[in-house]
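One structure is given here, and the rest of the page talks about it.
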Amino acid sequence: MNKLLHAFVAILVMLLLASCASNSSSGPYNISSEGVDTRLMLNGFDPVAYHASGKHTRGAAAIKTEHDGVTYRFENETNKAAFLKEPNRFVPQYGGFCANGIAYSIPWGGDGDAWKIVNGKLYIFGGQSSKNYFLVDEAANLKLADQYWQTEVKGSTAVLQRYKRLVLRVPHYKSGTELEAQWQKWQQQQKR
């Protein structure tokens, strides 16, 4: 009965949100708005700087380009040129949403200042805690995130997908308390 109630609530929420979603959804992108840039990726951080200098660096509003319907800013023309040459090398994975959230099929969060390069790809996190939790089992979490991105999240309306999976949780869901306990245990094992 409990699962049936959850399913009913999820359907109701999705229908309500669908009627309000129109242009308020970022689709598969975690975007923000600043000035004339209403579909700004990475909160304005330069996607090339993560790779080139190993730092999250603010891009300049005057040095930007659009790729796949969203705006990217760069700290200099050299970084912009590198991006234009190979944009898929530099765009953040999972539309810039928190990689840990995507491992639970929840497109939510993602700050340009919590990140990691894995196998030449940029992954963004919702904060240091989300990054920590993801790193406890990076390989398994990457596999889950890739799977959910391809099968559920990519191309979806982010807000609808988010609420769907907040109500109908994935089988391996862990609460924040459980994730923190797992992180603490993992840290202790690393010290040994």
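The values are calculated or read from the model by the stated rules, or taken from the named source; none is laboratory data. Given the structure is predicted, the values throughout are model-derived calculations rather than measurements. Using ideal geometry, Cβ is built from the backbone for each residue, glycine included, and neighbour counts are taken over all protein chains shown. Accessible surface is based on the protein model in full, side chains and every heavy atom, while ligands, DNA and RNA are left aside. Shrake-Rupley method; radii C 1.70, N 1.55, O 1.52, S 1.80 Å.
3J(HN,Hα) along the stretch 178-192, derived from phi through the Karplus expression 6.51 cos²θ - 1.76 cosθ + 1.60 where θ = phi - 60°, amounts to 5, 5, 5, 5, 4, 5, 4, 4, 4, 4, 4, 5, 5, 6, 6 Hz, with x in place of Gly and Pro.
Where does the charge balance sit around residue 44 when Lys and Arg score +1, Asp and Glu -1, over other residues with C-beta under 13 Å from its C-beta? Spell out each step's value before the answer.
Numbers: positive: 39, 58, 64, 73; negative: 34, 37, 46, 75, 111, 113.
Net of charged neighbours comes to -2.
Shape call for the stretch 81-192 from the C-alpha gyration tensor, a ≥ b ≥ c root eigenvalues: rounded (a/c under 1.5), prolate (a/b greater than b/c) or oblate? Since a/c reaches 1.5 but b/c is at least a/b, the shape of the stretch 81-192 is classed as oblate.
For the stretch 138-186, a/c is not less than 1.5, where a ≥ b ≥ c are the root eigenvalues of the C-alpha gyration tensor, and a/b does not top b/c. That puts it in the oblate class.
As a test of the formula, what do you get for the chain when each DSSP H run with n ≥ 4 contributes -39,500 (n - 2.57) and the sum is divided by the residue count, at 222 nm and rounded to the nearest 500 deg cm²/dmol?
Values: 9 runs with 88 residues, N = 192.
The helix contribution divided over the chain gives -13500 deg cm²/dmol.
Kirkwood-type hydrodynamic radius, the chain: 17.6 Å, calculated from all non-identical alpha-carbon pairs. Of the peptides 120-130, 74-84, 166-176, the order by per-residue mean of other Cβ atoms within 10 Å, starting with the highest, comes out as 120-130, 74-84, 166-176. Solvent-accessible area per residue in the chain equals 54 Å², computed with a 1.4 angstrom probe and all protein chains kept. Please report, as a whole percent, how much of the solvent-accessible surface of the stretch 48-187 comes from carbon and sulfur atoms (probe radius 1.4 Å). After summing per-atom areas, the C and S share lands at 49 percent.
Couplings for the stretch 96-104, taken from phi via the Karplus curve 6.51 cos²θ - 1.76 cosθ + 1.60 with θ = phi - 60°, read x, 6, 4, 4, 5, x, 5, 5, 10 Hz in order; Gly and Pro are left as x. Pop out the ³J(HN,Hα) list for the stretch 131-145 in order, Karplus 6.51 cos²θ - 1.76 cosθ + 1.60 with θ = phi - 60°, rounded to Hz; leave Gly and Pro as x. 3J(HN,Hα) across the stretch 131-145, in whole Hz: 5, 4, 4, 5, 6, 4, 9, 3, 4, 5, 5, 5, 4, 4, 4.
Shape analysis of the stretch 60-144 yields a ratio of the Cα radius of gyration to the Kirkwood radius, Rg/Rh, of 1.01.
Annotation: amide H of residue 110 within the under-5 Å range of 98, 126, sequence separation 5 or more or interchain, hydrogens built in the peptide plane.
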